[in-house]
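Here is the structure we will look at.
The values are calculated or read from the model by the stated rules, or taken from the named source; none is laboratory data. Note that the structure is predicted; figures quoted are calculated from it, not measured. Glycine also receives a Cβ, built like all others from the backbone with ideal geometry; neighbour counts cover every protein chain displayed. With ligands, DNA and RNA removed, areas are computed over all heavy atoms of the protein, side chains included. Shrake-Rupley method; radii C 1.70, N 1.55, O 1.52, S 1.80 Å.
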Amino acid sequence: MMYKIPSSKMVKIEMKIYLIGVGGVGGFYGGLLAESGADITLVGRGASFEKIKEKGIILNCADGIHHIYPVKIIDNVAEITDPDLIILAVKSYDLENVSQNLVAVVKPETIVITIQNGLDNDRTVSRYLSNSQVLPGLVLVAAAKTGANEITQRGTQRKLVFGSRDGEITPKMLEVESVLRRAGIDAHVSKSIDQELWKKFLFVLSFASATVAQMGPIGEALSNPQGLKVYKDVLREAIRVGKSEGVEFETDIFEATLKGALDFDPQTKSSLLVDIQNHRRTEVEALHGVLVRLAQKHGLPVPMTREIYRKIVE
């Protein structure tokens, strides 16, 4: 089924939003926001910028094909004006450069949400945007770019969690949550974002490790005894390090995380593996690199994580 959302029928929501990084995740959430009538402008480049500007965005979802047109898009951060909300959907290794460019356009009241893999992306951004409210966030969605303006989603999960490190929830955060929910995003402001980040980190790190070890999708990795061992070993190592960092996990965190991977679409590859197979720069430092460094800090052995790390960087 094809859905085309005419701009004349969109419900306008008063919040000026910019989303930077039109990859699989950024394009998917950006498309949903544009479809809902939110005042959102994407920031992209290259072929994606040209195609989205000309043809809009196509989202291939479980409930059909959504063709969203027109979609506002710019190709330069310097063109951002009076932002209420900026969602950073670039890769973790691009955050410093993007943050430097944002210094001239953010306002003190601007909320900036980071949604990269990893544990401390907001702290990287805050070094440059100390006068704005930078909030750590995370997403759980299987969305991949399958064309310059086309995103394909596996499954139906559309989660986005964000919050302040100090646990405070402000009216503006709740307003952001509401705008995201109106777009069909399962958004939630968390009072315990550190714990949420760690739970996502456990899932992504072990998932990525197993798929890289297998050089195949998660279904193949977990049905292979060696791939399953990699997954379990990395997960146990990450839980130990997290506990040493003061994170209070649920007693069944190991079983729940593994079940989440077993229940995932078996044909899904980690973004880390996709980047490796396409000879692109990876986020290994934000994943395995972080755990190795935290393990060193606490004097903990993480042999399987180190093995996968070496496999990727050497």
> Restricting the range 114-128 to residues that are in contact with a helix residue (DSSP H, G or I) (Cβ under 6 Å, 6 or more places away or on another chain) and among the hydrophobic types (A, V, I, L, M, F, W, C), which is least open to solvent (accessible area, probe 1.4 Å)?
Replying inline: 125
> (1) open to solvent by less than 20 Å² (accessible area, probe 1.4 Å); (2) in contact with a strand residue (DSSP E or B) (Cβ under 9 Å, 6 or more places away or on another chain): which one isn't true of residue 199, the others all being true?
Replying inline: (1)
>> Among the numbered criteria (1) open to solvent by 20 Å² or more (accessible area, probe 1.4 Å); (2) without any contact (Cβ under 8 Å) to a residue 40 or more places away in the chain; (3) of a type in the set (Ser, Thr, Tyr), which one does residue 93 miss?
In response: (2)
> Just wondering, is there one or more residues in the range 159-167 that are under 18 Å from residue 29 (Cα atoms), open to solvent by 50 Å² or more (accessible area, probe 1.4 Å) and at pLDDT 95 or above?
Replying inline: yes
> When you look at residue 286, is it under 21 Å from residue 141 (Cβ atoms), out of contact with any Pro (no Cβ under 6 Å at 6 or more places or on another chain) and at pLDDT 95 or above, yes or no?
Replying inline: yes
> Before we move on, is residue 183 in contact (Cβ under 8 Å) with a residue 24 or more places away in the chain, within 26 Å of residue 278 (Cα to Cα) and buried (at least 19 other Cβ atoms within 10 Å of the Cβ)?
Replying inline: no
> Given the conditions (1) touching a residue at least 60 places away in the same chain (Cβ under 8 Å); (2) out of contact with any Ser or Thr (no Cβ under 7 Å at 6 or more places or on another chain); (3) open to solvent by 10 Å² or more (accessible area, probe 1.4 Å); (4) over 27 Å from residue 286 (Cβ atoms), and given that residue 56 satisfies all but one, which numbered condition is not satisfied?
Replying inline: (3)
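Might you check whether a residue that is in a strand (DSSP E or B) and either at pLDDT 95 or above or open to solvent by 20 Å² or more (accessible area, probe 1.4 Å) (or both) occurs anywhere in the range 27-35? Break it down stepwise before answering.
Step one: of the range 27-35, the residues in a strand (DSSP E or B) are none.
For the range 27-35, residues in a strand (DSSP E or B) and either at pLDDT 95 or above or open to solvent by 20 Å² or more (accessible area, probe 1.4 Å) (or both): absent.
Does the range 31-49 contain at least one residue that is among the aromatic types (Phe, Trp, Tyr) and closer than 19 Å to residue 281 by Cβ?
Step one: of the range 31-49, the residues among the aromatic types (Phe, Trp, Tyr) are 49.
From what is left, the residues that are closer than 19 Å to residue 281 by Cβ are none.
Looking for residues that are among the aromatic types (Phe, Trp, Tyr) and closer than 19 Å to residue 281 by Cβ, one finds none in the range 31-49, hence no.
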>> Exactly one of these conditions fails for residue 130: (1) small (Gly, Ala, Ser); (2) out of contact with any His (no Cβ under 8 Å at 6 or more places or on another chain); (3) outside any loop (DSSP other than H, G, I, E, B). Give me its number.
In response: (3)
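Output the helices (runs of 4 or more DSSP H) that fall wholly within the range 209-314 and possess 1 or more residues being touching a residue at least 60 places away in the same chain (Cβ under 8 Å) and surrounded by 17 or more Cβ atoms within 10 Å (Cβ to Cβ), or say none.
On the way: elements: 218-223, 225-244, 253-262, 271-277, 288-298, 303-313.
In the range 209-314, 225-244, 271-277, 288-298, 303-313 are the helices (runs of 4 or more DSSP H) which contain 1 or more residues that are touching a residue at least 60 places away in the same chain (Cβ under 8 Å) and surrounded by 17 or more Cβ atoms within 10 Å (Cβ to Cβ).
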> If you scan the range 79-121, which residues turn out to be under 13 Å from residue 21 (Cα atoms), in a helix (DSSP H, G or I) and among the hydrophobic types (A, V, I, L, M, F, W, C)?
Replying inline: 95, 98
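Quick one: which residue in 111, 74, 65 is under 18 Å from the mean Cα position of the chain (by Cα) and either surrounded by fewer than 21 Cβ atoms within 10 Å (Cβ to Cβ) or more than 22 Å from residue 274 (Cα to Cα) (or both)? Explain how you work it out, then say what you get.
Working: 74 fails: under 18 Å from the mean Cα position of the chain (by Cα); 65 fails: under 18 Å from the mean Cα position of the chain (by Cα).
Answer to the selection: 111.
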